[in-house]
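The values are calculated or read from the model by the stated rules, or taken from the named source; none is laboratory data. For clarity, every value in this text was computed on a predicted model and none was experimentally measured. Only protein heavy atoms, including side chains, enter the accessible area calculation; ligands, DNA and RNA are left aside. Shrake-Rupley method; radii C 1.70, N 1.55, O 1.52, S 1.80 Å.
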Amino acid sequence: MHTPSFAEYVKLLDRGDWRGVGELMLTSANKLAKIGADFLICPDNTIHQALPFIEPRSLLPWLHIAEVVALEAAARGFKCLGLTGTRWLVDSEVYPEKVTARGLKFIRPNAAERDEINRIIMDELVNGLFKPEAIAYHQQVIGRMKGEGCDAVILGCTEIPLIMNDGNSPLPTLDSTRLLARAALRRAVQGAAAPA
(Lines give C-alpha, C1' and ligand atoms only; values in the text may rest on other atoms or scores of the structure.)
Protein backbone atom coordinates (compact mmCIF):
# COMPACT_ATOMS: atom_id res chain seq x y z
CA MET A 1 0.00 0.00 0.00
CA HIS A 2 1.36 3.41 -0.93
CA THR A 3 -0.05 6.85 -1.58
CA PRO A 4 1.11 10.44 -1.63
CA SER A 5 -0.83 12.85 0.56
CA PHE A 6 -4.46 13.34 -0.47
CA ALA A 7 -3.75 17.08 -0.42
CA GLU A 8 -1.24 16.59 -3.27
CA TYR A 9 -3.94 14.93 -5.34
CA VAL A 10 -6.50 17.65 -4.54
CA LYS A 11 -4.12 20.38 -5.76
CA LEU A 12 -3.92 18.62 -9.11
CA LEU A 13 -7.66 17.88 -9.21
CA ASP A 14 -8.48 21.54 -8.61
CA ARG A 15 -6.29 22.45 -11.60
CA GLY A 16 -7.76 19.69 -13.78
CA ASP A 17 -4.25 18.25 -14.17
CA TRP A 18 -5.12 14.61 -14.86
CA ARG A 19 -1.67 13.85 -16.24
CA GLY A 20 -0.21 15.07 -12.95
CA VAL A 21 -2.66 12.89 -11.02
CA GLY A 22 -1.53 9.98 -13.17
CA GLU A 23 2.12 10.67 -12.43
CA LEU A 24 1.41 10.51 -8.68
CA MET A 25 -0.37 7.21 -9.22
CA LEU A 26 2.49 5.89 -11.35
CA THR A 27 5.04 6.80 -8.68
CA SER A 28 3.11 4.69 -6.19
CA ALA A 29 2.62 1.91 -8.74
CA ASN A 30 6.34 1.70 -9.47
CA LYS A 31 7.20 1.53 -5.77
CA LEU A 32 4.70 -1.27 -5.26
CA ALA A 33 6.00 -3.16 -8.30
CA LYS A 34 9.55 -2.96 -6.94
CA ILE A 35 8.54 -4.52 -3.62
CA GLY A 36 6.72 -7.44 -5.21
CA ALA A 37 3.10 -6.52 -5.88
CA ASP A 38 1.39 -8.63 -8.56
CA PHE A 39 -1.31 -6.14 -9.55
CA LEU A 40 -2.57 -2.72 -8.50
CA ILE A 41 -5.77 -1.26 -7.12
CA CYS A 42 -6.79 2.29 -6.35
CA PRO A 43 -9.70 2.64 -3.92
CA ASP A 44 -10.20 6.28 -4.93
CA ASN A 45 -12.86 6.44 -7.64
CA THR A 46 -12.10 10.00 -8.76
CA ILE A 47 -8.47 9.51 -9.69
CA HIS A 48 -9.31 6.57 -11.94
CA GLN A 49 -9.84 9.31 -14.51
CA ALA A 50 -6.05 9.49 -14.81
CA LEU A 51 -5.52 5.77 -15.52
CA PRO A 52 -5.56 6.11 -19.32
CA PHE A 53 -2.53 8.40 -19.07
CA ILE A 54 -0.43 5.86 -17.21
CA GLU A 55 -1.68 2.31 -17.88
CA PRO A 56 0.59 1.86 -20.93
CA ARG A 57 3.61 2.75 -18.77
CA SER A 58 2.58 0.85 -15.67
CA LEU A 59 4.79 -2.08 -14.71
CA LEU A 60 1.75 -3.93 -13.37
CA PRO A 61 -1.91 -4.32 -14.39
CA TRP A 62 -4.63 -2.34 -12.60
CA LEU A 63 -7.93 -3.70 -11.31
CA HIS A 64 -10.35 -0.94 -12.37
CA ILE A 65 -12.91 0.03 -9.73
CA ALA A 66 -15.65 0.95 -12.22
CA GLU A 67 -15.21 -2.32 -14.09
CA VAL A 68 -15.59 -4.24 -10.82
CA VAL A 69 -18.77 -2.31 -9.98
CA ALA A 70 -20.21 -2.76 -13.48
CA LEU A 71 -19.58 -6.51 -13.33
CA GLU A 72 -21.32 -6.74 -9.95
CA ALA A 73 -24.27 -4.67 -11.15
CA ALA A 74 -24.71 -6.88 -14.21
CA ALA A 75 -24.36 -10.06 -12.13
CA ARG A 76 -27.08 -8.83 -9.78
CA GLY A 77 -29.40 -8.05 -12.69
CA PHE A 78 -29.50 -4.27 -12.30
CA LYS A 79 -30.35 -2.30 -15.45
CA CYS A 80 -29.96 1.39 -14.58
CA LEU A 81 -27.54 2.79 -12.02
CA GLY A 82 -27.50 6.10 -10.21
CA LEU A 83 -24.00 7.53 -9.89
CA THR A 84 -22.85 9.39 -6.79
CA GLY A 85 -19.39 10.70 -6.02
CA THR A 86 -17.26 13.79 -6.26
CA ARG A 87 -18.01 16.32 -8.96
CA TRP A 88 -14.78 15.29 -10.70
CA LEU A 89 -15.95 11.68 -10.87
CA VAL A 90 -19.58 12.32 -11.78
CA ASP A 91 -18.54 14.71 -14.57
CA SER A 92 -16.13 12.12 -15.98
CA GLU A 93 -16.57 9.04 -18.15
CA VAL A 94 -14.97 6.67 -15.60
CA TYR A 95 -18.26 4.92 -14.78
CA PRO A 96 -20.30 5.61 -17.93
CA GLU A 97 -17.64 3.92 -20.07
CA LYS A 98 -17.55 0.74 -17.97
CA VAL A 99 -21.30 0.63 -17.21
CA THR A 100 -22.43 1.05 -20.81
CA ALA A 101 -19.88 -1.55 -21.95
CA ARG A 102 -21.91 -4.02 -19.84
CA GLY A 103 -25.17 -2.92 -21.45
CA LEU A 104 -26.33 -0.94 -18.42
CA LYS A 105 -27.75 2.56 -18.24
CA PHE A 106 -26.88 5.26 -15.74
CA ILE A 107 -28.16 8.55 -14.38
CA ARG A 108 -25.96 11.30 -12.99
CA PRO A 109 -27.03 13.80 -10.34
CA ASN A 110 -28.05 17.16 -11.79
CA ALA A 111 -25.61 20.10 -11.55
CA ALA A 112 -26.91 21.41 -8.21
CA GLU A 113 -26.90 17.90 -6.71
CA ARG A 114 -23.35 17.31 -7.94
CA ASP A 115 -22.19 20.50 -6.26
CA GLU A 116 -23.87 19.69 -2.95
CA ILE A 117 -22.70 16.06 -2.88
CA ASN A 118 -19.17 17.24 -3.69
CA ARG A 119 -19.37 19.79 -0.85
CA ILE A 120 -20.59 17.14 1.57
CA ILE A 121 -17.76 14.81 0.59
CA MET A 122 -14.92 17.34 0.59
CA ASP A 123 -16.02 19.61 3.46
CA GLU A 124 -17.67 17.09 5.76
CA LEU A 125 -17.01 13.41 5.13
CA VAL A 126 -13.29 13.74 4.37
CA ASN A 127 -13.00 15.62 7.66
CA GLY A 128 -14.93 13.04 9.68
CA LEU A 129 -18.15 15.06 9.93
CA PHE A 130 -21.24 12.88 9.58
CA LYS A 131 -24.38 14.99 9.68
CA PRO A 132 -28.00 13.81 9.48
CA GLU A 133 -28.57 16.49 6.83
CA ALA A 134 -25.94 14.84 4.60
CA ILE A 135 -27.71 11.50 4.89
CA ALA A 136 -31.07 13.13 4.14
CA TYR A 137 -29.62 14.90 1.10
CA HIS A 138 -28.18 11.68 -0.33
CA GLN A 139 -31.52 9.95 0.30
CA GLN A 140 -33.30 12.73 -1.57
CA VAL A 141 -30.97 12.50 -4.58
CA ILE A 142 -31.09 8.70 -4.66
CA GLY A 143 -34.88 8.81 -4.32
CA ARG A 144 -35.08 11.15 -7.32
CA MET A 145 -32.88 8.76 -9.32
CA LYS A 146 -35.15 5.88 -8.32
CA GLY A 147 -38.08 7.89 -9.65
CA GLU A 148 -36.22 8.26 -12.96
CA GLY A 149 -35.78 4.50 -13.33
CA CYS A 150 -32.63 3.58 -11.43
CA ASP A 151 -32.72 0.20 -9.70
CA ALA A 152 -29.40 0.59 -7.81
CA VAL A 153 -26.98 3.35 -6.86
CA ILE A 154 -23.20 3.41 -7.14
CA LEU A 155 -21.53 4.76 -4.02
CA GLY A 156 -18.68 6.06 -6.14
CA CYS A 157 -16.63 7.59 -3.35
CA THR A 158 -14.67 6.05 -0.50
CA GLU A 159 -16.45 8.29 2.02
CA ILE A 160 -20.11 7.97 0.95
CA PRO A 161 -20.46 4.48 2.54
CA LEU A 162 -19.67 6.14 5.87
CA ILE A 163 -23.20 7.57 5.76
CA MET A 164 -25.10 5.53 3.13
CA ASN A 165 -25.79 1.81 2.88
CA ASP A 166 -28.53 -0.66 1.98
CA GLY A 167 -30.22 0.08 5.31
CA ASN A 168 -30.85 3.77 4.66
CA SER A 169 -30.76 4.13 0.87
CA PRO A 170 -33.92 4.24 -1.26
CA LEU A 171 -32.07 1.93 -3.70
CA PRO A 172 -29.74 -1.06 -3.30
CA THR A 173 -26.17 0.22 -3.04
CA LEU A 174 -23.03 -0.76 -4.90
CA ASP A 175 -20.23 0.17 -2.49
CA SER A 176 -17.36 0.62 -4.92
CA THR A 177 -14.60 0.47 -2.32
CA ARG A 178 -15.92 -2.72 -0.72
CA LEU A 179 -16.49 -4.35 -4.11
CA LEU A 180 -12.96 -3.47 -5.22
CA ALA A 181 -11.49 -4.88 -2.00
CA ARG A 182 -13.36 -8.17 -2.50
CA ALA A 183 -12.30 -8.38 -6.15
CA ALA A 184 -8.67 -7.72 -5.17
CA LEU A 185 -8.82 -10.44 -2.53
CA ARG A 186 -10.25 -12.92 -5.04
CA ARG A 187 -7.55 -12.04 -7.57
CA ALA A 188 -4.78 -12.29 -4.97
CA VAL A 189 -6.00 -15.68 -3.73
CA GLN A 190 -6.40 -17.01 -7.28
CA GLY A 191 -2.90 -15.77 -8.11
CA ALA A 192 -1.45 -17.38 -4.98
CA ALA A 193 -3.12 -20.67 -5.87
CA ALA A 194 -1.70 -20.71 -9.41
CA PRO A 195 1.13 -23.20 -9.95
CA ALA A 196 4.61 -21.70 -10.13
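Please work out how much length the chain gains when fully extended from A111 to E8, using 0.36 nm per residue of separation minus the C-alpha to C-alpha distance, in nm with one decimal.
34.5 nm
Considering only C-alpha atoms, what is the centroid distance from segment 127-196 to segment 1-71, in Å?
20 Å
For C80, what accessible surface area do you get with a 1.4 Å probe? Give it in Å², rounded to 10.
20 Å²
For I107, enumerate residues with amide H under 5 Å from its amide H, sequence gap 5+ or separate chain, H modeled in the peptide plane.
Excluding prolines and chain starts, which carry no amide H, the hits are L81, G82, L83.
Divide by every residue of the chain the summed helix terms, -39500 (n - 2.57) for each DSSP H run of at least 4, and state the resulting mean residue ellipticity at 222 nm, rounded to the nearest 500 deg cm²/dmol. Walk me through the numbers before you get to the answer.
Details: 9 runs with 97 residues, N = 196.
The helix contribution divided over the chain gives -15000 deg cm²/dmol.
Residues with amide H under 5 Å of L155's amide H, sequence separation 5 or more or different chain, H placed in the peptide plane at 1.01 Å from N; which?
L174, D175, S176
Rolling a 1.4 angstrom probe over the protein heavy atoms, how many square angstrom per residue are accessible across segment 78-123?
Details: 1960 Å² over 46 residues.
On a per-residue basis, segment 78-123 sits at 43 Å².
With no solvent and one equal point scatterer placed on each C-alpha of the chain, evaluate the Debye formula and give log10 I(q)/I(0) for q = 0.13, 0.15, 0.17 Å⁻¹, two decimals.
Taking Cα atoms of the chain as identical point scatterers yields -0.70, -0.93, -1.17.
What Rg and what Dmax come out for segment 44-83 when only alpha-carbon atoms are used, in angstroms?
Cα radius of gyration and Dmax of segment 44-83 are 12.5, 35 Å respectively.
What part of the accessible area of the chain, given as a whole %, is carbon or sulfur when the probe is 1.4 angstrom?
55 percent
Which whole-Hz couplings ³J(HN,Hα) result when phi for each residue of segment 78-89 is put into the Karplus expression 6.51 cos²θ - 1.76 cosθ + 1.60, θ = phi - 60°, listed in order with x for Gly and Pro?
Rounded to whole hertz, the list is 6, 10, 9, 10, x, 10, 10, x, 5, 4, 4, 6.
Could you give me the ³J(HN,Hα) list for segment 155-167, computed from phi with Karplus coefficients 6.51, -1.76, 1.60 and θ = phi - 60°, whole Hz, x at Gly and Pro?
For segment 155-167, the Karplus curve yields 8, x, 7, 4, 8, 4, x, 5, 10, 10, 7, 4, x Hz.
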